[in-house]
Amino acid sequence: MDEVVKKHLEDILIAIDEIDIFFETLPKKYDVFVNSLLLRRGVERNIEIIGEAMNRILKTDNTILITNARKIVDTRNYVIHGYDILTIDILWSIVINPKLFTFLRNILKKSHTRLYLRFFLYFCDYVYT
C-alpha cells in the first residue's frame, strides 16, 4: 500500500480515536452532547478530517476500491458547507453509531497489499435522506 495512503488512513484513525477520547471523561449521553459546544465542535472537526483524508486517498490512488467513499467526502462537505443546517441530531447519530469507526480500526490493524475498505455508514444515509 502506498505510504501516502497509509498516512491518510492513519489520520482517519487518529480522528476516530479523538472522538472516543472526548467521551472518556464525559458520559456518552445526548444531553451532555447537546450542552457542550466544545464537544460538538471537536466532533465536527474530526468528521471534517475523516472526509478530507478520504478525499485525498481517492485522489492519490483511484485504483483502491472504497465502498461509499464518496458519501464520506460528501458528509465532510455537508458539515463544512451546510453548517447552517447541520443539526445536533445528525452529529449525535455519527457519534453513537460506531460502524464506521469499528470497521476502520479493524482494517487499519491488518496488513494488505491491496486495500479494500467497506464503510457501513448509517449516518450518511441519515444525512442525505
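All of the numbers you see were taken from the coordinates with simple rules; none came from a lab. Predicted model only: the values in this text are computed from it and were never measured. All Cβ positions, glycine included, derive from the backbone under ideal geometry; neighbour counts span all protein chains shown.
For residue 70 and residue 48, FRET efficiency with R0 = 22 Å and r from the beta-carbon atoms, rounded to 0.05?
The value I calculate is 0.85.
In the neighborhood of residue 86, defined by Cβ-to-Cβ distances under 10 Å, what is the net charge if each Lys or Arg adds +1 and each Asp or Glu adds -1?
Summing Lys and Arg as +1 and Asp and Glu as -1 gives -2.
With label points built 7 Å along Cα→Cβ from the Cα atoms of residue 36 and residue 61, find their separation and express it in nm.
For residue 36 paired with residue 61, the spin-label model returns 3.6 nm.
Please compute the net charge surrounding residue 55, taking Lys and Arg as +1 and Asp and Glu as -1 over other residues with Cβ under 11 Å from its Cβ.
For residues surrounding residue 55, the net value is +1.
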